[in-house]
Each structure stands twice: as structure tokens, then as C-alpha cells.
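Contents: one structure, followed by commentary.
The values are calculated or read from the model by the stated rules, or taken from the named source; none is laboratory data. Quantities reported herein were computed from a predicted structural model and do not represent experimental measurements. Ligands, DNA and RNA are stripped out before the accessible areas are found, and what is left, the full protein with its side chains, is counted by its heavy atoms. Shrake-Rupley method; radii C 1.70, N 1.55, O 1.52, S 1.80 Å.
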Amino acid sequence: MLFNSINFLIFFPIVTLIYFLIPYRFRYIWLLLASYYFYMSWNPVYALLMLTSTFITYLSGILIEHSDKTGGGILLV
């Protein structure tokens, strides 16, 4: 699906409408699922790239939160 296709012109308003209709706490999950669907409709192999990126970003966030609580970390000068 390309940004300038008819499919995207249908996809985007539906995703936006559902985003504002669902409860706040589920919005990030909805956007993640919509993003996966968007990229998979273009080329399913990109789902692996997004899954890897999602996992690394999530793990990095957990590690950053843990380092802030323990006072650890690297001081860059």
C-alpha cells in the first residue's frame, strides 16, 4: 500500500476514526497493529524488520528505566 493509493485513502481515515473511538490505554496498541498491517500490505518481509525494531526499542526502554532507578549509567563528557 502506497501513501498515494486509493487503499491508503480508505485505510487512513478508518485507522484515525478507530483511534479516537477506543479508550486511551489501548491507542498505542491500535497504532502498532495498524502500522504492522500497513507495512505488511506493501511487503510482508518488513514485518520482521518492524518486529525487530519494536523489540529492541521496548527492551532499550526497560533498560533505561532500570538504569535510572539504580543510579547506574554512563556519564558522557
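Rounded if a/c is under 1.5, else prolate if a/b is larger than b/c, else oblate: which is the chain, with a ≥ b ≥ c the root eigenvalues of its Cα gyration tensor? Because a/c hits 1.5 or more and a/b exceeds b/c, the chain counts as prolate. Of all complete DSSP H helices in the chain, those with a Cα span along the helix axis of 30 Å or greater and a mean Kyte-Doolittle hydropathy of 0.0 or more are 46-70. Using a probe radius of 1.4 angstrom, the carbon and sulfur fraction of the accessible surface of the chain is 74%. Rolling a 1.4 angstrom probe over the protein heavy atoms with all chains in place gives the chain an accessible area of 87 Å² per residue.
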